[in-house]
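Peer 1: One structure, pasted below without further comment.
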Amino acid sequence: MHESHDAPADTATLVPDEDAPPRKPFNARGSFVSRCPECRLPRLNCLCPYRVTAESRVRFWLLTHPLEHYKPTNTGRLIGDILPDTQVFTWYRTEPDPRLLALLDDARFAPFIIFPDDQADYAERVVGPDAVEEALAASRIPVFLLLDGTWRQARRIFRRSPYLDRLPVLPLKTRRLSRYRLRKAASSEHLCTAEVAVELLRLSGDLDASGALDDYFEVFNESYASSRRHHQIEAPTAAMRRLLARR
Ligand SMILES: [Zn+2]
């Protein structure tokens, strides 16, 4: 949810067309790099050999800002590689995805929106980790709804999606510092989307899945950063070796 941290939410109205669907594919730094069509990383250090799957008691649904889909540095997509039950929805301000609305009404699932508890106006919706345990005890599948975009985009999604207003809000409390190196962050205390998922899996006791996603994120991060320096990783890192051993 916090891929980068460009501005506080209250300046969002200064950018009226931010939510418009992109008119052309992402075209910025790195556009002319030769990329793997599968993982979209530069071919120099492709991520595909390290892709593994894991099982978890919880699920993730991503509500992804349209501008985020085209960015190869998006880490939300890593979650679906490791956990195939992950669902990804594109957020549009004017029309919610009917598939998401149907899932939100499905009694098998207990969805939680992952968001900070720093504003008073939704304090009554804030729950703690025990609510996840209660859902499991009631034989419901806890689902973590992640708002995937910049910090400002995530705030916008949260504030402008009335169909999310009834969901409990689960703030993620962690001391982990971000290792994400591909975008500038205002603070190392802001985790990127994949790191948030790693911590939520740990919180829900899915330690194997948490470890696999953590390693996969680390390999993604290292591989991408190395390719930007035109450096090919020769010897597998510890995270690479752990992932290869799972295959
Ligand atoms: Zn690849």
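Let's see how each residue does on (1) modelled with pLDDT of 95 or more; (2) farther than 20 Å from Arg77 by Cα:
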| position | (1), (2) |
| --- | --- |
| Leu170 | yes, yes |
| Arg175 | no, yes |
| Ala194 | yes, no |
| Ala212 | yes, no |
| Gln232 | yes, yes |
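Peer 1: Can you report the number of residues in segment 141-155 which are modelled with pLDDT of 95 or more and farther than 16 Å from Leu200 by Cβ?
Peer 2: Qualifying residue count, segment 141-155: 0.
Peer 1: Of the residues Ala135, Ala123, which is among the small types (Gly, Ala, Ser) and surrounded by fewer than 19 Cβ atoms within 10 Å (Cβ to Cβ)?
Peer 2: On the way: Ala135 fails: surrounded by fewer than 19 Cβ atoms within 10 Å (Cβ to Cβ).
The match here is Ala123.
Peer 1: Let me ask something else. Looking at segment 65-72, can you tell me whether even one residue there is within 15 Å of the ligand (Cβ to nearest atom) and either at pLDDT below 90 or under 30 Å from Ala239 (Cα atoms) (or both)? First the steps, then the outcome.
Peer 2: At the first step, the residues of segment 65-72 found to be within 15 Å of the ligand (Cβ to nearest atom) are 72.
Now restrict to residues that are either at pLDDT below 90 or under 30 Å from Ala239 (Cα atoms) (or both): 72.
Within segment 65-72, one or more residues are within 15 Å of the ligand (Cβ to nearest atom) and either at pLDDT below 90 or under 30 Å from Ala239 (Cα atoms) (or both).
Peer 1: Within segment 147-181, how many residues are polar (S, T, N, Q) and in a helix (DSSP H, G or I)?
Peer 2: First, pick out the residues of segment 147-181 that are polar (S, T, N, Q): 150, 153, 161, 174, 178.
From the residues that got through so far, the ones that are in a helix (DSSP H, G or I) too are 153.
Looking only at that region, the number is 1.
Peer 1: Tell me, which helices (runs of 4 or more DSSP H) wholly within segment 182-247 include 1 or more residues that are touching a residue at least 12 places away in the same chain (Cβ under 8 Å), more than 21 Å from Ile114 (Cβ to Cβ) and among the small types (Gly, Ala, Ser)?
Peer 2: Counting at least 1 such residues, we get 207-228, 238-246.
Peer 1: For residues that are assigned to a helix (DSSP H, G or I) and in contact (Cβ under 8 Å) with a residue 24 or more places away in the chain, scanning just segment 70-90, find the one that is nearest to Arg160 (Cα to Cα). Give the derivation first.
Peer 2: Of segment 70-90, the ones assigned to a helix (DSSP H, G or I) are 76-82.
If we keep only those that are in contact (Cβ under 8 Å) with a residue 24 or more places away in the chain as well, we get 76, 78-79, 81-82.
Working: Gly76: 21, Leu78: 26, Ile79: 25, Asp81: 29, Ile82: 30 Å.
Only one residue tops the list, namely Gly76.
Peer 1: Just a yes or no: is a residue in segment 91-106 part of a loop (DSSP other than H, G, I, E, B), under 25 Å from Ser204 (Cα atoms) and either in contact (Cβ under 8 Å) with a residue 40 or more places away in the chain or in contact with a strand residue (DSSP E or B) (Cβ under 8 Å, 6 or more places away or on another chain) (or both)?
Peer 2: Among the residues of segment 91-106, not one is part of a loop (DSSP other than H, G, I, E, B), under 25 Å from Ser204 (Cα atoms) and either in contact (Cβ under 8 Å) with a residue 40 or more places away in the chain or in contact with a strand residue (DSSP E or B) (Cβ under 8 Å, 6 or more places away or on another chain) (or both), which makes the answer no.
Peer 1: Tell me which residues, restricted to segment 38-50, are within 8 Å of the ligand (Cβ to nearest atom) and either under 15 Å from Arg77 (Cβ atoms) or in a loop (DSSP other than H, G, I, E, B) (or both).
Peer 2: The answer is Glu38, Cys39, Arg40, Leu41, Cys46, Leu47, Cys48.
The values are calculated or read from the model by the stated rules, or taken from the named source; none is laboratory data. In this text, all values refer to a predicted model and were calculated from it rather than measured experimentally. Positions of Cβ are backbone-derived with ideal geometry, glycine not excepted, and every protein chain shown enters the neighbour counts.
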